[in-house]
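Colleague: Here it is, the structure, as structure tokens.
Laboratory data are not the source of any read-out in this text; all were calculated from the coordinates shown. Computed from a predicted model, the values in this text were never measured in an experiment. Don't worry about glycine lacking a Cβ; one is built from the backbone with ideal geometry, like all the others, and counts go over all protein chains shown.
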Amino acid sequence: MPKTFNKSHPNRMPPGVPHPVDIHVGGRVREQRKLKGMSQGELGDSLGLTFQQIQKYERGANRIGASRLFQLSQILDVPVAYFFDGMPANIRMTQENFDLDMTFAEDPRDSTDVMGSSETTELVTAYYGIGNARKRRAVHDLIASLSKADWE
């Protein structure tokens, strides 16, 4: 007779709650898609998916399987490891430990994370659009000095 469980496993997220790793990976997909100037529809078309499925990936609502992650890395021209870069240190995953009991001060999807904002994407795109390296460095130095002035 098959086993039935009435309560969920302690190392599983509650139903409907995305895992922080899926949220992080989805955010990295969104970031790179925007840097490439692609819409969700365009990325979906290249994967044979709808833009709604891309939205779910980017929110972390749907997990991205290994083969799909590999496809994304090729389409977005980044190594697979890119999607895991900058993962919060409090997400620990080892063979002995798959700790899902971590807490977040806020839902990362509602975060004011500047690296995931469209303003940052536009700024970085414009910055690297400056072909002259000396002018690009001058813009960098100007922004750095302006940001320091706000702290003084």
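Colleague: Just to be sure I understand the model, the point goes 7 Å from the Cα along the line to the Cβ. What's the resulting Val139 to Ala126 distance in nm?
Modeller: 0.8 nm
Colleague: Tabulate in residue order the Karplus-calculated ³J(HN,Hα) for segment 120-125, using 6.51 cos²θ - 1.76 cosθ + 1.60 with θ = phi - 60°, rounded to whole Hz; enter x for Gly and Pro.
Modeller: 5, 4, 5, 5, 5, 4
Colleague: Separate question: Could you sort 26-32, 70-76, 139-145, 53-59 so that the peptide with the highest average Cβ count within 10 Å comes first and the rest follow in order?
Modeller: Working: 26-32: 22.3, 70-76: 16.1, 139-145: 10.9, 53-59: 20.1.
With the highest mean Cβ count within 10 Å placed first, the list reads 26-32, 53-59, 70-76, 139-145.
Colleague: Go through segment 26-33 residue by residue and turn each phi into a ³J(HN,Hα) via Karplus (6.51, -1.76, 1.60, θ = phi - 60°); whole Hz please, and just put x for glycine and proline.
Modeller: Here the 3J(HN,Hα) series is x, x, 5, 4, 4, 4, 6, 4 Hz.
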